[in-house]
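Everything below concerns the one structure shown next.
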Amino acid sequence: MSSPEGPRRLMLLHRYNAYTLSFLAVSGIILFLPGLRAPLAPIRTALKDVHIGAGVLSLALLLAYVPLLAGHWLRLARRYGQQLNVVSTAAVVVGWTLSGVVLWLHRWLPTGWAAPALTLHDWLTWGAVVWGVSHSVTRWLNIRFPLPHVWTGRSRQRAFDPGEFAAPVAPPPPRWRVPLTRRNLIRAALTAAGAWVLYAGYKGLGGDGTGGSLGADPGYQPATGAAAVPAPDEGDDPGPAGMAKGTPGADAPKPRDAKPLGGGRSGRFRLYTVTEKVPAFDPKTWRLTVDGLVNTPRQYTWHELMALPRAVQVSDFHCVTGWSVLHCTWEGPQLGELLRRANAKSSARFVKFYSGDGAYTDALPLDFALQADNMVPFLLDNSPIPVGMGGPVRLIVPKMYGYKSVKWLQRIELVDENHEGFWEVRGYPNDAFLPKSSQA
Ligand SMILES: Nc1nc2c(c(=O)[nH]1)N[C@H]1C(S)=C(S)[C@@H](COP(=O)(O)O)O[C@H]1N2
Ligand SMILES: [Mo]
């Protein structure tokens, strides 16, 4: 039998777990929503660390619960509804914890673990939010589903109740008029917040794409004549079928091969932007500048860039937050091609990349940048790179995490000192190299 202490400790554990899980849910959703990437960029890595810390705490609480499990289970004998509740809650919490640990340590774990862990983590959270919203709405309106007694376990207490043989008592009618108490207001706010998260998640892991505006990098030169368009809210990789609406008609680059060399990518890009507006593409006014510590600064027009010698490359794309897209076929000039044409001065040591969004920058050491697999592609899987994915031209650095792959690439500047990129300044590791095993 369980000690009388059991239920009390169980209640306490329940309460601490509820606090921790609520914090995890809120911080996790904040980390997930792409629309919050820009406004919360300065605290993103700290928030992630606190989220991980809370996750470890919840794991400890979970372990403290294990010795109480047997007693709890006995008390639920034959209450199948409650048993199902316990089992499914436990499954969700264990799933969250395991996938969370994999995401936390993914840089030291085998490649390929992070992506399924992230998917599981997201879906469990999504499911929990759906459950929370529906639960709160039905409770709020006092809607009770007539459940069979064997399900709720109530039949045992009432086994000899003579009323059992009388006409069944109808469940109370739904209470449609909701009193305006503080409690109900808080509940309404939480439900609305949950519903908003559902909506944002429904838009394809996309959020509404609205970020706060950020101060432009001082070295940023606005695109000549290019109007800004709202950040994509397609929210997600449109997939090969949706790629047709890339570069218009006659200006569209033509792929070398009939079919993508890599056979087509597997996995989906999560579209990231740290600005509200991203540059619109106009093939007549678009320019890519290569300047700085060079002897021949260049400004390429769209057609000049497409006329350069090209490479076709198959590589995997990994974001440091855990998702991957495997065997992407990129086509376009190699970065080294542009660098060699610019004829670097001997004082040049680093290459700085500017996004046309006016906020995002990053840099690579010059000798590394010259490696053949770094590219400035305009085709992905034989289709023009859509604007949401950084089109018409982005950087691709296959040996490093995705934050090096600057989207809407507009300017390449040779400099003598390293430049810390957008996310590095905000806590991402300066060493962006993938684990050796995943450097495709
Ligand atoms: N201009 C710009 N480039 C960017 C980013 C961004 O927010 N803005 N995000 C980076 C990160 S962290 C990753 S993982 C990839 C994501 O590429 P995608 O949006 O095409 O999925 O772009 C990188 N380049
Ligand atoms: Mo990333």
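Worth a mention:
- Of all the listed residues (V325, V320, V393), the sole one being part of a loop (DSSP other than H, G, I, E, B) and within 16 Å of ligand 2 (Cβ to nearest atom) is V320.
- Residue match in region 352-359 (condition: aliphatic (A, V, I, L, M), more than 16 Å from ligand 2 (Cβ to nearest atom) and open to solvent by 10 Å² or more (accessible area, probe 1.4 Å)): no
- Where a residue in region 402-430 is open to solvent by 40 Å² or more (accessible area, probe 1.4 Å) and its partner, wherever it lies, is within 12 Å of ligand 1 (Cβ to nearest atom) and part of a loop (DSSP other than H, G, I, E, B), with Cβ under 9 Å and at least six apart: P429/V320; P429/Y401; N430/G421
- Residues located in region 298-317, provided they are away from ligand 2 (no atom under 16 Å from the Cβ), under 30 Å from F433 (Cβ atoms) and not hydroxyl-bearing (S, T, Y): R298, L305, L308, P309, R310, A311, V312, Q313, V314
- Residues located in region 396-440, provided they are more than 16 Å from ligand 2 (Cβ to nearest atom), closer than 23 Å to K277 by Cα and touching a Pro at 6+ places or on another chain (Cβ under 8 Å): Q410
- Taking region 116-149 as the range and being part of a helix (DSSP H, G or I) and β-branched (V, I, T) as the test, the residues that pass are T119, T125, V129, V130, V133, V137, T138.
- Tally, over region 264-321, of residues that are open to solvent by 20 Å² or more (accessible area, probe 1.4 Å), free of Cβ contacts under 8 Å to residues at least 60 places away in the same chain and among the hydroxyl-bearing types (S, T, Y): 2
- Summed over region 365-385, residues that are within 14 Å of ligand 1 (Cβ to nearest atom), open to solvent by 10 Å² or more (accessible area, probe 1.4 Å) and in a loop (DSSP other than H, G, I, E, B) total 1.
- Residues satisfying the stated conditions in region 342-364, i.e. in a loop (DSSP other than H, G, I, E, B) and within 10 Å of ligand 1 (Cβ to nearest atom): G356, D357, G358, A359, Y360
- Count of residues meeting criterion [within 16 Å of ligand 1 (Cβ to nearest atom) and under 16 Å from V387 (Cα atoms)] in region 254-312: 16
- The criterion of at least 2 residues that are modelled with pLDDT of 90 or more is met, among helices (runs of 4 or more DSSP H) falling completely within region 26-115, by 44-65, 80-104.
- A single entry from A348, A252 fulfils the requirement of being modelled with pLDDT of 95 or more and open to solvent by less than 60 Å² (accessible area, probe 1.4 Å): A348.
- Here is the figure for region 396-440: residues that are part of a loop (DSSP other than H, G, I, E, B), within 14 Å of ligand 1 (Cβ to nearest atom) and of a type in the set (A, V, I, L, M) total 4.
The values are calculated or read from the model by the stated rules, or taken from the named source; none is laboratory data. Everything numeric here is computed off the predicted structure, so don't read it as measured data. Glycine also receives a Cβ, built like all others from the backbone with ideal geometry; neighbour counts cover every protein chain displayed. Surface accessibility is based on the protein's heavy atoms, side chains included, excluding ligands, DNA and RNA. Shrake-Rupley method; radii C 1.70, N 1.55, O 1.52, S 1.80 Å.
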